[in-house]
1. Using a Förster distance of 30 angstrom, determine the FRET efficiency expected from the C-beta separation of residue 27 and residue 57, and round it to 0.05.
2. Roughly what would the spin-label model give for residue 13 and residue 40, points 7 Å off Cα along C-beta, in nm?
3. Provide 47, 33, 39 in ascending order of the number of other Cβ atoms located within 10 Å of each residue's Cβ, fewest first.
4. For the residues 13, 31, what sequence is obtained by ranking on other C-beta atoms within 10 Å, fewest first?
5. At a 10 Å Cβ-Cβ cut-off, how would you order 22, 37, fewest neighbours first?
């Protein structure tokens, strides 16, 4: 589906979110990437094969000091 050079990551690649955006609807909270992935603002994803990827926001890193 991707026409970019170099080709964007496929929908089953770990870096699939790096694909170019072809449709962006921030008012609805989603974007369509050129590899067919629907990326939601909560970081969840819907892959072209129907697989759902749960939101995966990075955890905040806190410095924990020993008492």
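1. Working: r = 21 Å, r/R0 = 0.69.
According to the calculation, E is roughly 0.90.
2. So the label points at residue 13 and residue 40 sit 2.5 nm apart.
3. Ordered by Cβ neighbours within 10 Å, fewest first: 47, 39, 33.
4. 13, 31
5. Ranking 22, 37 by Cβ neighbours within 10 Å, fewest first, gives 22, 37.
Where a number appears in this text, it was derived from the coordinates with a stated rule and is not lab data. Computed from a prediction, not measured in an experiment: that's the story for all the values here. Positions of Cβ are generated from backbone atoms using ideal geometry, with glycine treated the same way; all protein chains shown enter the neighbour counts.
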